[in-house]
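Pasting a structure below so you can have a look.
The values are calculated or read from the model by the stated rules, or taken from the named source; none is laboratory data. Just so we're clear, the structure is a prediction, and the values are computed from it rather than from any experiment. Neighbour counts run over all protein chains shown; Cβ positions are idealised from the backbone, glycine included.
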Amino acid sequence: MLGLLDWWRRRRSRALPFPEAWREVLGRRVPFHARLVGDARARFEEKLKVFFHTKHFIGAGGLEVDEEMKVVVSAAAARLVMNLPGEHYQRLTEILIYPGAYHHGDRDRVVLGEAHKWGTVVLAWDAVRAGLANSQDGHDTALHEFAHVLDVADGAFDGTPVLESHAAYAPWAQVMTREFVRMRGKKALRRKGVLRRYGATNEAEFFAVATETFFEKPRQMKEKHPELYELLRDHYEVDPLAELEPRAEEA
Ligand SMILES: [Zn+2]
């Protein structure tokens, strides 16, 4: 029943227009939108629109969520799946937004974002903005958390999202494991690499950090981790080095 309702909501939101005011927000806040042309822009805007209309956005810690915040957060979610057919955020129902870094109930430290299995993503608006303002530092809180949501779509935070085919799992495990083990190596932990060291925490964080790096530092990643770059390029069906043009449209 819930599935049918979801389907109906998505269908209805697809029929709604994409407001010009949103493009103005994207122009100011989401630099990569300007690089999208033609079909790529249309695909991205459609995913953004459906996300915007089908998820609940809730302000926390005194923050009042406005339309601009919703557009920006939806843009991050849409960027990951813009070239993928179908719906990838079924499990996600609500996005909780704090004004800045917040204390997680059962942890001592402050956090910038979290993704929960039961369908909630928590974001610090400051961190979302900072991630977008510097689009080449390999750190983007919103992309990171939405990568976790894609990871858990199959029910487990294990660094493996739902892949396009059965045959894709073996090469995925091979490359991911090799790269993860390499990062966990003592030498790698001592020196600064292209991927943020937080990725060495576990497989789930490795996938989320690799995703941020893929979109924000494609050149360095392709140079230092070519297999990982290719794996993510095939998975997301997007090549950030080629100005986000999908591979299927390459001559
Ligand atoms: Zn994480």
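List pairs: first residue in the stretch 211-236 and more than 19 Å from Leu84 (Cβ to Cβ), second residue in a helix (DSSP H, G or I) and basic (Lys, Arg) anywhere in the structure, Cβ distance under 8 angstrom, at least six positions apart or on different chains.
Glu227/Arg178
Taking Glu45, is it out of contact with any strand residue (DSSP E or B) (no Cβ under 6 Å at 6 or more places or on another chain), surrounded by fewer than 12 Cβ atoms within 10 Å (Cβ to Cβ) and under 24 Å from Ser135 (Cβ atoms)?
No, not satisfied.
Considering only the stretch 164-242, give the helices (runs of 4 or more DSSP H) lying wholly within it that have at least 3 residues that are more than 16 Å from the ligand (Cβ to nearest atom).
It comes to 169-184, 186-190, 218-224, 226-236.
While we're looking at this one, here's another question. When the stretch 150-162 is examined, which residues are found to be among the hydrophobic types (A, V, I, L, M, F, W, C) and either under 16 Å from Phe180 (Cα atoms) or touching a His at 6+ places or on another chain (Cβ under 8 Å) (or both)?
Across the stretch 150-162, the qualifying residues are Leu150, Ala153, Phe157, Val162.
One line per residue, one yes/no per condition, for (1) in contact (Cβ under 8 Å) with a residue 60 or more places away in the chain; (2) more than 16 Å from the ligand (Cβ to nearest atom):
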{"residue": "Gly113", "(1), (2)": "no, no"}
{"residue": "Trp118", "(1), (2)": "no, yes"}
{"residue": "Val121", "(1), (2)": "no, no"}
{"residue": "Ala124", "(1), (2)": "no, no"}
{"residue": "His144", "(1), (2)": "yes, no"}
{"residue": "Val149", "(1), (2)": "yes, no"}
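Sticking with this structure for a sec: Go through (1) of a type outside the set (Gly, Ala, Ser); (2) assigned by TED's automatic domain parsing to the domain that holds Phe57; (3) under 16 Å from Phe214 (Cβ atoms); (4) assigned to a helix (DSSP H, G or I) and name the single condition Arg129 misses.
(3)
If I go through the stretch 131-142 residue by residue, how many of them are out of contact with any strand residue (DSSP E or B) (no Cβ under 9 Å at 6 or more places or on another chain) and within 16 Å of the ligand (Cβ to nearest atom)?
4
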